[in-house]
Amino acid sequence: MLYLVPTPIGNLKDFTYRAVEILKGVDVILCEDTRTSSRLLDYYEINKPLSPYHKFNEHKIVAHLVQQMQAGKVIALITDAGTPGISDPAFLLVRECIKENIVVECLPGATAFVPALVNSGLPTNNFVFEGFLPLKKGRQTKLKQLATEDRTIVIYESPMRLVKTLEELAMYFGNDRLCCVSRELTKMFEENKRGTLKENANYFAQKTVKGEIVITIAGAE
């Protein structure tokens, strides 16, 4: 059996009783970075073997993991933060488990784009989640496509690329398109900066930005 277990996106207390219970009962826990995951597991006194599972090795080890589950092992997959499969590895393993009739169960839990979207003040009844935009190939095409999207748009971005991305969005969407930049969600220095794309580009150009970033953008009128 495979459990997909969401982990806190910042505050370690945002973890469910059921998630702790399941992680204490599995045979092995797959994680992106054993150092990052160890902090969470130590906090909840979860002592289980950890095995790396990330985008650089998933294709190589997925068959072996399936064989282990077919032999009776119960495995949990967690990420550094949030729900497995949402801009993090999970799809490949889930697909192979389904092919081999291995039971897959996904627990409800934290994912960064939901609180960012709800807190943005932009329409939440209809939205599109794009994850990380392409870095090079296809980026221009994607920006042109999203410029006419009438639903609220949610994307992820890194602190290093935030200002450049806001400037590009302003160029394709227009300087006055409303947006909200959310960072350090659930942490002590959480910030949700609302304004136009141009205003937010100027604001963050004057700051040293840290933490994971969610950008929520109003749809085209």
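All of the numbers you see were taken from the coordinates with simple rules; none came from a lab. As the structure is a computational prediction, the values presented were derived from the model and not from experiment. Using ideal geometry, Cβ is built from the backbone for each residue, glycine included, and neighbour counts are taken over all protein chains shown.
Check each of the trypsin sites (Lys or Arg not before Pro) in segment 1-44 and keep only those in coil by DSSP with at most 16 other C-beta atoms within 10 angstrom; list them in order.
Lys13
Helix 162-173: angle to the longest alpha-carbon principal axis of the chain, degrees 0 to 90, nearest 10? Taking the Cα atoms of the chain, the angle to 162-173 is about 60 degrees. Computed over neighbours whose Cβ is under 13 Å from that of Pro134, the net charge equals +3, Lys and Arg +1, Asp and Glu -1. Here the label points at Phe91 and Tyr203, each 7 Å from Cα along the C-beta direction, are separated by 3.2 nm in the simple model. Between the helical axis of 58-70 and the dominant principal axis of the chain, each derived from Cα atoms, what acute angle in degrees is found, rounded to the nearest 10? The answer is roughly 40 degrees.
Straightening the chain between His59 and Leu107 buys 14.9 nm, computed as 0.36 nm per residue apart minus the Cα-Cα spacing. 3J(HN,Hα) along segment 4-10, derived from phi through the Karplus expression 6.51 cos²θ - 1.76 cosθ + 1.60 where θ = phi - 60°, amounts to 9, 10, x, 10, x, 8, x Hz, with x in place of Gly and Pro.
Ordering Ile29, Ala201, Val104 by the projection of their Cα atoms onto the charge dipole of the chain, which places +1 on the Cβ of Lys and Arg and -1 on the Cβ of Asp and Glu, puts Ala201 at the extreme positive end.
Computed from the alpha carbon atoms alone, the convex hull of segment 63-176 holds 156 Å³ per residue. Only helices enter this figure: runs of n ≥ 4 DSSP H residues, each worth -39500 (n - 2.57), summed and divided by the residues of the chain, yield -10500 deg cm²/dmol at 222 nm to the nearest 500. For segment 8-39 and segment 43-77, what is the centre-to-centre distance using only Cα atoms, to the nearest Å? Their Cα centres are 13 Å away from one another.
Taking square-rooted eigenvalues a ≥ b ≥ c of the alpha carbon gyration tensor, is segment 2-106 rounded, prolate or oblate, where a/c under 1.5 means rounded and, failing that, a/b exceeding b/c means prolate? Taking the square roots of the gyration eigenvalues as a ≥ b ≥ c, segment 2-106 is prolate.
Taking segment 99-114 and a reference point 7 angstrom along Cα→Cβ of Gln67, no backbone N atom is nearer than 13 Å.
Averaging over all projection directions, the Cα-based convex hull of the chain occupies 13.0 nm² in the image plane. Counted over the chain, the DSSP beta bridges are approximately 50% antiparallel. Other residues whose C-beta falls under 14 angstrom from the C-beta of Ala218 contribute a net charge of -1, scoring Lys and Arg +1 and Asp and Glu -1.
With the cut-off at 1.5 for a/c, could you classify segment 128-213 from its C-alpha gyration tensor as rounded, prolate or oblate? Each step should come with its number before you reach the end.
Details: a/c = 1.61, a/b = 1.47, b/c = 1.09.
Prolate, because a/c is 1.5 or more and a/b exceeds b/c.
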